[in-house]
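Colleague: Sharing a structure with you now.
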Amino acid sequence: MWNTQDWHAVQAHARRCRARSIEDIVMAEPGRAQAFSRRLGPLYFNFARQHIDAEAMADLQRRLEDSGIRGQARAMFDGHRINASEDRAVLHTALRSNLGTTPEAHQAHRDAMAALDQLEGVVGRLRTKGITDVISVGIGGSDLGPRLVLNALSEYAQGGFNVHFLSSADGMYLDRFTAALDPSKTAVLLVSKSFNTQETLINGAVLKNWLDDPSRVFAITANRDRALAFNVRHDNILPIWDWVGGRFSVWSAVAFSVVLGLGMPAFREFLGGAADMDAHFLQAPVEDNAVMWQALLSVWNRNALDYNTQAIIPYDERLEMLPSHLQQVLMESLGKSVTVDGEDCTQATSPVLMGASGNPSQHSFFQYLQQGIGIVPIDFIGVVKSGHCQPANHHFILANLLAQAQSLANGQGSADPQKRYPGNRPSSVILLDELTPRALGMLLALYEHSVFVQSKIWGINAFDQWGVELGKQIATSLMPYVEGREKADDALDPVTRELLARMLTP
């Protein structure tokens with residue numbers, strides 16, 4: 001956790017940098033376009049248009065090194081119980097790499113590899129049953145990551161199964177699936193670490209009855225007893241572990257839907273990309289470490305420049321789900337107001353993360369990004385080699401990415417104030433050579449590790465999520481009133497009582 005002296009230094013740098021525009025800083029530092037860029041395998045990072053000069057960046061990197069970030073990262077990879085509020089290890093990295101140095105970390109990796117073998121066995125069983133379609137039922141981390149990966153990498157689909165995702169308890173999609181699919185050729189995956197997720201269990205109960213065949217209902221969970229009580233067969237239960245947080249679980253059996261859609265070779269390549277980023281994060285010097293660059297700039301924008309929103313804008317429609325996935329990874333991890341010691345945070349933590357795919361969003365909210373009063377730092381994400389056969393379309397997309405990054409930073413003057421572009425709006429650009437399983441694995445692991453670094457700077461726990469619990473508890477207590485089994489009385493919150501009356505008498 002950074003101390004008062006660190007934050008005073010950050011503010012001193014901020015006062016100096018604010019006195020010059022981004023364009024002026026870029027022009028004043030010869031070679032900045034190259035000096036503020038890094039290459040890691042199929043990923044290229046350019047941070048040159050962030051509103052920070054080389055002096056400030058070098059000082060932030062030194063302070064991060066001095067704060068003990070390497071030892072803190074090693075503690076995570078080694079399986080120490082860094083999730084203090086839940087007394088748990090944080091070992092999602094063991095799902096894809098074997099970089100820990102403790103027996104616990106090595107055992108976690110062996111368990112993860114054995115689970116992959118188990119997934120391959122289940123794939124074979126589904127083929128022999130003549131299954132063509134699979135409904136993956138889960139919400140949050142049990143849905144967003146797998147949905148993103150399968151959508152992004154559909155060109156690599158070799159799995160042979162049609163995969164459908166069901167997350168919300170809203171019955172509309174449930175009805176559509178049961179109307180359109182043949183239950184005799186469909187399997188259902190119930191994905192819930194606790195096997196107590198109400199949305200998943202509500203949908204699962206309907207689908208279990210619809211299938212009328214328990215051999216085609218599977219559970220991916222850390223709670224075998226609850227799954228068995230739900231009448232899932234013991235050999236249909238696939239494991240995850242309490243050291244895997246939901247938003248970091250796309251590397252596990254939670255992504256069985258990805259294996260079914262893409263095939264195991266592509267999934268293993270995806271894991272390999274994440275393992276490459278793990279090694280880079282652990283081993284690269286701070287000044288060459290893409291994770292630490294990204295994390296430091298995120299903290300700089302949030303605390304030094306006081307920007308409360310961040311945007312992720314992928315200029316590739318295959319990555320349209322990326323902002324939604326990263327919203328959970330970032331905001332559920334960093335949306336905290338107390339430190340690990342239970343003290344009030346002295347610095348602002350998570351920004352609000354927004355985003356959408358680039359070309360369509362230019363025609364929706366880019367007006368705000370370009371000329372609005374608030375400034376929103378952006379991560380632009382592009383793919384150099386397209387996955388299609390339309391070069392003119394791809395060149396147009398890349399030109400728009402370049403144009404938006406340039407115009408946001410440099411702006412443009414005009415005698416007509418309505419047509420003036422203020423500029424001075426920071427952005428980074430991340431380019432993937434191609435959108436391959438390996439490149440996507442590296443990209444997602446980059447943001448995961450960036451979240452970890454930011455949490456250590458702020459002194460918060462990135463791996464619990466107590467903030468999601470209260471609403472669930474209240475919803476459970478309100479169900480009898482919504483169902484009409486109990487009559488609202490004066491014990492209820494008065495506004496809730498009024499809203500219930502409107503719901504029950506439309």
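The values are calculated or read from the model by the stated rules, or taken from the named source; none is laboratory data. Being a predicted model, the structure only gives us computed values, none of them experimental. Reconstructed Cβ throughout: ideal geometry from the backbone, glycine too, with neighbour counts over all protein chains shown. Just the protein is used for accessible areas: all its heavy atoms, side chains included, with ligands, DNA and RNA removed. Shrake-Rupley method; radii C 1.70, N 1.55, O 1.52, S 1.80 Å.
Colleague: Under the classification rounded if a/c is under 1.5, otherwise prolate if a/b is larger than b/c and oblate if not, where does the stretch 107-232 fall, given a ≥ b ≥ c as square roots of the Cα gyration tensor eigenvalues?
Modeller: Note, shape of the stretch 107-232 comes out rounded.
Colleague: Would you please give the FRET efficiency between Y173 and Q72, computed as 1/(1 + (r/R0)^6) with r the Cβ-Cβ distance and R0 = 41 Å, to the nearest 0.05? Present the calculation step by step, with values, prior to reporting the outcome.
Modeller: Numbers: r = 42 Å, r/R0 = 1.01.
According to the calculation, E is roughly 0.50.
Colleague: What are the radius of gyration and Dmax of the stretch 6-120, computed over its Cα atoms and given in Å?
Modeller: That works out to 20.2, 59 Å for Rg and Dmax.
Colleague: If you take every DSSP beta bridge fully contained in the chain, what fraction is antiparallel? Give it as a percent rounded to 5.
Modeller: 25
Colleague: In whole Å and largest first, what semi-axes does the C-alpha gyration tensor of the chain yield when each eigenvalue is scaled by 5 and square-rooted?
Modeller: Ellipsoid half-lengths, sorted descending, are 39, 27, 25 Å.
Colleague: When the chain is fully extended, how far beyond the present Cα-Cα distance does A12 get from Q367, taking 0.36 nm per residue of separation?
Modeller: Stretched out fully, the A12 to Q367 stretch lengthens by 124.6 nm.
Colleague: When the chain is fully extended, how far beyond the present Cα-Cα distance does R420 get from Q390, taking 0.36 nm per residue of separation?
Modeller: 7.4 nm
Colleague: If you don't mind, another one. Which value results when the Cα radius of gyration for the stretch 398-506 is divided by 2.2 N^0.38 Å?
Modeller: Cα Rg divided by the expected 2.2 N^0.38 Å: 1.93.
Colleague: Nearest 20 debye, what's the magnitude of the dipole of the chain about its Cα centre given +1 on Lys and Arg Cβ and -1 on Asp and Glu Cβ?
Modeller: For the chain, the charge dipole is close to 620 debye.
Colleague: Are there any GluC sites (Glu not before Pro) in the stretch 467-506 that are in a DSSP loop and have at most 14 other Cβ atoms within 10 Å? List them by number.
Modeller: Qualifying residues, ordered by number: E483, E486.
Colleague: Shifting gears a bit: Explain nothing, just the number: dipole magnitude of the stretch 11-88 about its Cα centre with +1 on each Lys and Arg Cβ and -1 on each Asp and Glu Cβ, in debye rounded to the nearest 20.
Modeller: 80
Colleague: Over the chain, calculate the relative contact order: mean separation of alpha carbon pairs under 8 Å at least 6 apart, over the residue count, as a percent.
Modeller: 19
Colleague: Just to be sure I understand the model, the point goes 7 Å from the Cα along the line to the Cβ. What's the resulting L470 to T4 distance in nm?
Modeller: Between L470 and T4, the label points sit 3.0 nm apart.
Colleague: Once you have the Cα-Cα distance between E65 and T101, take 0.36 nm times their residue separation minus that, and quote the gain in nm to one decimal.
Modeller: Between E65 and T101, full extension yields 10.9 nm more.
Colleague: Here's something else I'd like to know. Name the residue farthest towards the positive end of the dipole of the stretch 240-343 from the options N308, A255, M277, assuming +1 on Cβ of Lys and Arg, -1 on Cβ of Asp and Glu, about the Cα centre.
Modeller: A255
Colleague: Mind checking the per residue accessible area of the chain for me, 1.4 Å probe, whole number of Å²?
Modeller: Per residue, the chain has 43 Å² of solvent-accessible surface.
Colleague: Would you calculate a helix-derived [θ] at 222 nm for the chain, using -39,500 (n - 2.57) for each DSSP H run of n ≥ 4 and dividing by the full residue count, to the nearest 500? Don't skip to the end; give the middle numbers.
Modeller: Details: 20 runs with 233 residues, N = 506.
So the calculated ellipticity at 222 nm is -14000 deg cm²/dmol.
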